[in-house]
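Have a look at the structure below, then the notes.
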Amino acid sequence: MYNTVYLIGRLTKDPEATTTETGKKVMAINLAVQRSYKNSEGIYEADFIRCILWEGIASRTAEYCKKGDLIGLRGQIRTSSYEDQNKEMRYTTDIVAEKVSFLAMASNNIPKNNDSDKKK
C-alpha cells in the first residue's frame, strides 16, 4: 500500500505556527494548486488543499514563507472525524506534510528576516 501525495502550489495567506498543549509546533496552511487545464472561459482554476505541518517544518515555513510563495510539499492523505456542536459527525481530509521545499517567493514579498535595511 502507498499513501504519498506531491503538491506544488501557492500559500493563500501568511503562515503562522501555533503550539499545542503538549508543546508541539503545528500549522495548517491552504495551498492553491493550479489545475493542468483551462475552463470554458480559458482560465486555469485551482484547488485549495488544506495541509498540516508539524514541528521543524512548521517553524521553518512560518519563518521563511509568506502569502503567494510557491512551495513544493510531500505528504500523506489523512482523514479524521469529530463531533460538532450539534452532535453531528464531521469528516475532514488533510495532507500531513513530511517535506516542504521553498520554490519561489511571490514577486511582492520581502523576506521576513531581511537584515539589509538595518544599520550596522
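Consider segment 100-109 and keep the residues that are in a strand (DSSP E or B) and of a type in the set (A, V, I, L, M). The one that is modelled with the highest pLDDT is V100.
Out of the residues in segment 3-21 meeting the condition of being hydroxyl-bearing (S, T, Y) and modelled with pLDDT of 95 or more, tell me which one is surrounded by the most Cβ atoms within 10 Å (Cβ to Cβ). Going through the qualifying residues, I end up with T12.
One line per residue, one yes/no per condition, for (1) in contact with a helix residue (DSSP H, G or I) (Cβ under 7 Å, 6 or more places away or on another chain); (2) touching a residue at least 40 places away in the same chain (Cβ under 8 Å); (3) not acidic (D, E):
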position	(1), (2), (3)
N3	no, yes, yes
Y6	no, yes, yes
L11	no, yes, yes
E16	yes, yes, no
G23	no, no, yes
A32	no, no, yes
R35	no, no, yes
K38	no, no, yes
G42	no, no, yes
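Checking each residue in segment 9-27 for being assigned to a loop (DSSP other than H, G, I, E, B) and over 14 Å from V96 (Cβ atoms) picks out T12, K13, D14, P15, E16, A17, T20, E21, T22, G23. Any residue in segment 21-36 that is among the polar types (S, T, N, Q), within 22 Å of Y2 (Cβ to Cβ) and in contact with a Ser or Thr (Cβ under 7 Å, 6 or more places away or on another chain)? Scanning segment 21-36 turns up no residue that is among the polar types (S, T, N, Q), within 22 Å of Y2 (Cβ to Cβ) and in contact with a Ser or Thr (Cβ under 7 Å, 6 or more places away or on another chain). Cβ-Cβ contacts under 7 Å between residues 6 or more apart (or on different chains), taken from a first residue in segment 85-99 that is at pLDDT 95 or above to a second residue that is part of a loop (DSSP other than H, G, I, E, B) and surrounded by 10 or more Cβ atoms within 10 Å (Cβ to Cβ), are absent. Under the condition of being part of a strand (DSSP E or B) and of a type in the set (D, E), the residues counted in segment 73-93 number 1.
Exactly one residue out of A46, A28 is hydrophobic (A, V, I, L, M, F, W, C), surrounded by 11 or more Cβ atoms within 10 Å (Cβ to Cβ) and more than 14 Å from the chain's Cα centre (by Cα): that is A46.
Can you name the residue in segment 53-74 that is among the basic types (K, R) and more than 13 Å from M105 (Cα to Cα) and is also surrounded by the fewest Cβ atoms within 10 Å (Cβ to Cβ) among such residues? Out of the qualifying residues, it is R74.
The values are calculated or read from the model by the stated rules, or taken from the named source; none is laboratory data. Please read these numbers as outputs of a predicted model, since none were measured by experiment. Heads up, the Cβs are rebuilt from the backbone with ideal geometry, glycines too, and the neighbour counts pull from every protein chain shown.
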